[in-house]
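Coordinate-derived values only; no laboratory data. Just so we're clear, the structure is a prediction, and the values are computed from it rather than from any experiment. In this analysis, Cβ positions are derived from the backbone assuming ideal geometry, glycine residues included, and neighbour counts consider all displayed protein chains.
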Amino acid sequence: MTLQQLLQDAPAIHGGSDGNELLTHGLLEEALRLLDREVRPGSRTLETGSGYSTILFAMKGAEHTCVVPNQAEIDRILAYCDRRAIDASRLTFCVDTSERVLPELDTGRLDLVLIDGSHSFPQVFIDWFYTAEALKVGGHLLVDDVHLWTGRVLRDFLVAEPEWTLVDELGGRTAVIRKVGEVDPDRLWMDQPYVVKKTRLGAPVVARQSVSMLRHGHARDLAERVKSVARRRLER
């Protein structure tokens, strides 16, 4: 069974439990071809969401975890694998939303992570946060649908971080990012370049904060903050 055969078969996976109006919201072919090249027998992989990618992970012999809340999708994937004699024994399905599964999931070290589940806020960022440490240095993170705001922000945040580097962007939709260093999950916001860049602390914002602090009885805190800013400027 090859990727080309899978694409020709075009099995319908997504839809309601009644089986009506089925279709597949799959990765772009370019992204599937990247998975076909990178994933090897025994690779430890994880994805949020399901689709052709799930079948491909099985075809490649990966030790794969798929986090998806829809049991009907899982049943269709397994039925297709059975019809095509694809060994699905290395697939592990977690049948719930990723924001509930990932905080408690012991993934072990991962070679590749695909974020393609809910594209809502904050789920995309939760998916990354709870898999970032598990991903091996040198491993790949694929963030699908970066044309959506949530995916785009995650991509832009990671590009600014020294532990991640953008390898490619496929079809303007799937960001391929390599982990090049261990991450610190407790890093403060002022040590995150993207957050600092996007935090606009101009005069109007500072003025509003100052007025609010005075109104709520924090004059002493405000005075300490002003002194701290003055000291930092003198030290430059």
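Okay, here's what the table says:
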item	result
Helix-derived mean residue ellipticity, 222 nm - over the chain, DSSP H n ≥ 4, -39500 (n - 2.57), to 500	-12500 deg cm²/dmol
Candidate aspartates and glutamates - alpha carbon under 13 Å from residue 227, same-chain residues fewer than 8 apart omitted	235
Cα centroid separation, region 1-71 to region 115-143 (Å)	17
Among 196, 67, 95: highest mean-square fluctuation, GNM of the chain, C-alpha pairs under 10 Å	196
Which of 144, 191 has the fewest Cβ neighbours within 10 Å, and the rest in rising order	191, 144
Exposure proxy order (Cβ contacts within 10 Å, fewest to most) of 128, 149, 189	189, 149, 128
Dipole of the chain, positive end: most advanced residue of 95, 171, 28 [Cβ charges, Cα centre]	171
Given charges at Cβ of Lys, Arg, Asp, Glu: the chain dipole, positive-most of 190, 46, 138	190
Residues 140, 119 arranged by fewest to most Cβ contacts within 10 Å	119, 140
Isotropic mean projected area of the C-alpha convex hull, the chain (nm²)	16.7
Electrostatic dipole magnitude of region 1-97 [Cβ: Lys, Arg +1; Asp, Glu -1; Cα centre; debye, to 20]	380
Estimated dipole of the chain in Debye, rounded to 20 [Cβ of Lys and Arg +1, of Asp and Glu -1, Cα centre]	1520
Lysines whose Cα lies under 20 Å from that of residue 136, excluding same-chain neighbours fewer than 8 positions away	60, 179
